[in-house]
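Single-structure report; data block below.
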Amino acid sequence: MLLSLVFAAAVGGGPVGPVVAVAGAAARTHVRPMARDLGAPVADEDAPVAVPPATDNAMDYYRSGNVLWVIDLVWSAALLVVMLATGFSAKLRDWSQRVGRRWFFTLVIYYLLFNLIMTIADLPRAYYEEFVRQHAYALSNQTFAKWWADTVKSFGVSCLAGALVLCVRYLLLRKSPRRWWLYTGLAMIPFIIVGNLIAPVWIAPLFNKFEPMRDKALETRILSMADRAGIEGSRVFEVNKSVDTKTLNAYVAGIFNTRRIVLWDTIIKRMSPPELMFVMGHEMAHYVLGHVWYLVAFSSLLIMASLYAAYRASGAVLDRWGTRFGFTTLADIASLPLILLLVSVFSLIVTPLSLAFTRHIEHEADRFGLEITQASHSAGTAFVKLQEDALANPRPGLLYKLWRESHPPLGERIDFVNAYHPWRDGQPLVYGDRFKK
Ligand SMILES: [Zn+2]
C-alpha cells in the first residue's frame, strides 16, 4: 500500500477507467434500438431510477472496510517505523554492501530483501482482506491457488518495477542532493508512459486471460460507437475475471497502439446491452477527453510534490534520529523506509485533492456516456447493478468520499443520470462536438 506510489509510477495503472463495480440479474431481452437509430430516445429511457438503500450486509461491509482501512494505514506505517528505529534498515544496507560491493548491486539487493520482508509481513493482512473477507461476503469465486499465484506474480512485478524506479531516484539523489525530487518527478514521466504502454500487453495477461469479445453483435455495436466517438483502431477485450470476483467492471488501458477497452466477463453476463453501451460510452470518454494524459501529468506532479515534501521534512528527522537510524543522508539506500513513510504521510494529506480530481474526470465520463447513448434509464439501472453486486454504500459519509472514493458515490451518479438530459429539452450537449450524431 505504501509502495503503491512507487509502483504506480513504474507499472502505470492509475485510477482512470474502471466504471466501478456493478451487476444485476436483469434478464437480457432483445437488443433495443439505440436512440440514434430511432431519431429519439426510446420511451422508457426517460423513466427515473430510484437509488436502492444499502442492505444490512452492504453497511456491514462498508463499516468493517473503514476500520480495516485505518488499521492498514497504521500497520504499514508501523512496519516502516520499526525498520528505522531498530536500525534494521541500516543493517540490511551493510549486509547488501558486503554482498553486492558496487553501488548498483547494493541497491538492488537491499531493495529485493526489503520488498520480500515487507511482503511477508503484509501477507496475513492481504490474505484476510483479499481472500477470506471477499469469500465471507460472497464477493469472490477465487481459489486459494489463484490468490497465491497472483500474490507471487505481483511480488515479481514489484521487484522489477520498484528496482528500476529506485535506481533512477537514488542515482539522482547522489548527483543532485538538492534538486533530486524535481528531476525524479520529471524522470517518472517516461516511466509512467512506458508503464501504461506495456501494462495491458505484458502485465495484465500474467493474471488473467484476455480474449476478443465472444458476442460479435455486441462487439459490432461497441465498435460502431467507437467510430462515432472518433476512436480509430480501437480494440475490445473480454477478460475472465469471473475466476477472481463476482463484482462487475470495465476499464480502458494502454496508450498509443496498446490502447484497448476491457470488459470483465462478469459485466457482460450481468448487464443488458443498453446498460453495457452506457458503460462503453463512459469508458470511451476517457480517451476522447484525453483523461489518460491528464493523469500522466497529474501523477508526475504528485510524485514530485510528495518527494519534495519528503526532502524538506527529512532534514529535521535525520538531525534528530539519524544516529539511531544508522544513516545521515537520503542518498543512502537505508533511507528507503524513511522516504516511503514521509511520502505516505504526504499522500494521505493530499488524497482528498487527488480523489476530487479523479471524481471530476469520472463525472465528466458519465456525462459523455449519457450524451452519446442518451440512455438515462439504462445508465441508472447499470449503477444499481454495480451497487448491488459490489455491496456498495450509495450514500457514504463525507470522510469516506473525500479519502476513498475515486468515483462519485453511486447514489450521486444515479441522481445525475436522472437529472441530466439536455437532449430531451432541446438544450445543447456539452460534448456534442466530440462525437458523430
Ligand atoms: Zn471511468
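If I filter region 281-322 down to residues being closer than 23 Å to Glu371 by Cα and among the aromatic types (Phe, Trp, Tyr), which single residue comes out as least open to solvent (accessible area, probe 1.4 Å)?
Restricting to residues being closer than 23 Å to Glu371 by Cα and among the aromatic types (Phe, Trp, Tyr), the top hit is Tyr287.
Filter region 290-305 for residues that are closer than 12 Å to Thr184 by Cβ and among the small types (Gly, Ala, Ser); which is farthest from the ligand (Cβ to nearest atom)?
So, considering only residues that are closer than 12 Å to Thr184 by Cβ and among the small types (Gly, Ala, Ser), the one farthest from the ligand (Cβ to nearest atom) is Ala305.
Are any residues in region 237-254 within 16 Å of the ligand (Cβ to nearest atom) and part of a loop (DSSP other than H, G, I, E, B), and if so, which ones?
The answer is Thr247, Leu248, Asn249, Gly254.
Would region 173-195 turn up any residue that is within 16 Å of the ligand (Cβ to nearest atom) and either of a type in the set (Lys, Arg) or closer than 17 Å to Glu283 by Cα (or both)?
No, region 173-195 has no match at all.
Taking helices (runs of 4 or more DSSP H) that fall entirely within region 91-209, which contain at least 3 residues that are open to solvent by less than 20 Å² (accessible area, probe 1.4 Å)?
Where helices (runs of 4 or more DSSP H) fall fully within region 91-209 and carry at least 3 residues being open to solvent by less than 20 Å² (accessible area, probe 1.4 Å), they are 103-126, 144-175, 180-198.
Going through region 394-437 one residue at a time, which ones are over 24 Å from the mean Cα position of the chain (by Cα) and of a type in the set (Val, Ile, Thr)?
Selection gives Val430 alone.
Regarding Ala58, is this residue open to solvent by less than 40 Å² (accessible area, probe 1.4 Å), small (Gly, Ala, Ser) and at pLDDT 95 or above?
Spelling it out, Ala58 is indeed open to solvent by less than 40 Å² (accessible area, probe 1.4 Å), small (Gly, Ala, Ser) and at pLDDT 95 or above.
Which one is farthest from Lys436 (Cα to Cα), of the residues in region 359-374 that are touching a Lys or Arg at 6+ places or on another chain (Cβ under 9 Å) and open to solvent by 10 Å² or more (accessible area, probe 1.4 Å)?
Here the residue is Arg359.
For residues that are outside any helix (DSSP H, G or I), farther than 20 Å from His286 by Cα and charged (D, E, K, R), tally how many sit in region 417-437.
Here the count works out to 1.
Are there any pairs with C-beta distances below 7 angstrom linking a residue in region 279-291 that is within 12 Å of Tyr431 (Cα to Cα) to a residue that is near the ligand (Cβ under 8 Å from one of its atoms), with the two at least 6 apart or on different chains, and if so which?
Pairs found: Ala285/Ala365.
Looking only at region 225-247, how many residues end up being out of contact with any Phe, Trp or Tyr (no Cβ under 6 Å at 6 or more places or on another chain) and over 24 Å from Lys436 (Cβ atoms)?
Adding up the residues that qualify gives 8.
Can you tell me which of (1) in contact with a Ser or Thr (Cβ under 8 Å, 6 or more places away or on another chain); (2) of a type in the set (A, V, I, L, M, F, W, C); (3) in contact (Cβ under 8 Å) with a residue 60 or more places away in the chain is the one Leu410 doesn't meet?
Condition not satisfied by Leu410: (1).
For Ala365, indicate whether it is away from the ligand (no atom under 16 Å from the Cβ) and not basic (Lys, Arg).
The answer is no for Ala365.
Evaluate region 276-286: report whether one residue or more is touching a Leu at 6+ places or on another chain (Cβ under 6 Å) and in a helix (DSSP H, G or I).
No, the conditions are met nowhere in region 276-286.
The values are calculated or read from the model by the stated rules, or taken from the named source; none is laboratory data. Given the structure is predicted, the values throughout are model-derived calculations rather than measurements. Counting neighbours? That spans all protein chains shown, and the Cβs are built from the backbone with ideal geometry, glycine included. What goes into the accessible areas is simple: the full protein's heavy atoms, side chains included, and nothing from ligands, DNA or RNA. Shrake-Rupley method; radii C 1.70, N 1.55, O 1.52, S 1.80 Å.
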